[in-house]
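K.L.:
There's a structure below that I have some questions on.
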Amino acid sequence: SENRAPELVIAALNRYFDETSDTILEHGGTLVAYRGDGFLAAFGAPIEVEDHADRALATARDMVEVRLPRFNDWLRSNGFDEEVRMGVGLNSGPFMSGNVGSLRRLEYTVHGDTVNTASRIEGLTKTLGPPILLSETTRAALLRPPADLSPVGEVEVRGRRSAVVLWTVEVESGVSGNAGRVA
């Protein structure tokens, strides 16, 4: 955004959010919030689903392997000379969802350690490399674990007393960086 007119930045963000939002919704997730150039999504809330972890992982793969390359093609065809990178952090566990706010303004959101940890895991994609990182709790919740699931190891996560065991999957695009949290 430093070198672009605000209307071009907004157009690019809207296109990016079209791609990411569509895949979240297509896989039965709830788009909770946009945050800068990132977003927060939840699977299994407000309606519980048994295969929440499978849906979240399928969404992450679709984002990184299909949607992100398509968005980067759009950027190039519209005069942007840089690519967007994406990192997705997946974590499963209990959290609260519902309307939070004041008497004058409410918004649907999700809260809890599970959500905070997902955010921290997403941040680790920048330093660890894989664009998709999932916690042991998400791996254990998978009803159909993929054959390419591989351990990353125990990792210290800011704000947590104990290390978190992380896993990843092979992705075709191999990009990492910034963007999504999926709880």
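K.L.:
Taking Thr127 as meeting all but one of (1) surrounded by 13 or more Cβ atoms within 10 Å (Cβ to Cβ); (2) assigned to a helix (DSSP H, G or I), write down the number of the exception.
P.N.:
With (1) surrounded by 13 or more Cβ atoms within 10 Å (Cβ to Cβ); (2) assigned to a helix (DSSP H, G or I) applied to Thr127, the lone miss is (1).
K.L.:
Can you tell me which residue among Thr137, Thr109 is touching a residue at least 40 places away in the same chain (Cβ under 8 Å) and part of a helix (DSSP H, G or I)?
P.N.:
Details: Thr109 fails: part of a helix (DSSP H, G or I).
Thr137 is the lone residue from the list that is touching a residue at least 40 places away in the same chain (Cβ under 8 Å) and part of a helix (DSSP H, G or I).
K.L.:
Okay, next question. For region 77-98, give me each residue that is touching a strand residue (DSSP E or B) at 6+ places or on another chain (Cβ under 6 Å), farther than 15 Å from Ala60 by Cβ, open to solvent by less than 60 Å² (accessible area, probe 1.4 Å) and not in a loop (DSSP other than H, G, I, E, B).
P.N.:
First, the residues of region 77-98 that are touching a strand residue (DSSP E or B) at 6+ places or on another chain (Cβ under 6 Å): 88-91, 95-97.
Now narrow it down to the ones that are farther than 15 Å from Ala60 by Cβ: 95-97.
Pick out the ones that are also open to solvent by less than 60 Å² (accessible area, probe 1.4 Å) and you get 95, 97.
Passing the criteria: only Ser97.
K.L.:
Filter region 58-76 for residues that are of a type in the set (A, V, I, L, M), closer than 21 Å to Val165 by Cβ and open to solvent by 40 Å² or more (accessible area, probe 1.4 Å) and give the result.
P.N.:
Within region 58-76, no residue meets the criteria.
K.L.:
Looking at the structure I just gave you, is Thr59 in contact with a Ser or Thr (Cβ under 6 Å, 6 or more places away or on another chain) and modelled with pLDDT of 95 or more?
P.N.:
Numbers: in contact with a Ser or Thr (Cβ under 6 Å, 6 or more places away or on another chain): yes; modelled with pLDDT of 95 or more: yes.
Spelling it out, Thr59 is indeed in contact with a Ser or Thr (Cβ under 6 Å, 6 or more places away or on another chain) and modelled with pLDDT of 95 or more.
K.L.:
Moving to a separate point now. Please go through region 3-57 and pick out each residue that is touching a Leu at 6+ places or on another chain (Cβ under 8 Å), buried (at least 16 other Cβ atoms within 10 Å of the Cβ) and without any contact (Cβ under 8 Å) to a residue 24 or more places away in the chain.
P.N.:
Result: Ser21, Leu31.
K.L.:
Another question, if that's okay. Do you know which of the residues in region 23-52 that are modelled with pLDDT of 95 or more and among the acidic types (Asp, Glu) is farthest from Thr117 (Cα to Cα)?
P.N.:
Step by step, filter region 23-52, then rank; the result is Glu26.
K.L.:
Can you tell me which residue is surrounded by the most Cβ atoms within 10 Å (Cβ to Cβ) among those in region 132-183 that are hydroxyl-bearing (Ser, Thr, Tyr) and modelled with pLDDT of 95 or more?
P.N.:
So in region 132-183, the residues hydroxyl-bearing (Ser, Thr, Tyr) come out as 135, 137-138, 150, 162, 168, 173, 176.
So of that shortlist, the ones also modelled with pLDDT of 95 or more come out as 135, 137-138, 150, 168.
Numbers: Ser135: 25, Thr137: 17, Thr138: 27, Ser150: 11, Thr168: 18.
This residue is Thr138.
The values are calculated or read from the model by the stated rules, or taken from the named source; none is laboratory data. Computed from a predicted model, the values in this text were never measured in an experiment. Cβ atoms come from the backbone with ideal geometry, glycine included; neighbour counts cover every protein chain shown. Keep in mind that these areas ignore ligands, DNA and RNA; they rest on the heavy atoms of the full protein, side chains included. Shrake-Rupley method; radii C 1.70, N 1.55, O 1.52, S 1.80 Å.
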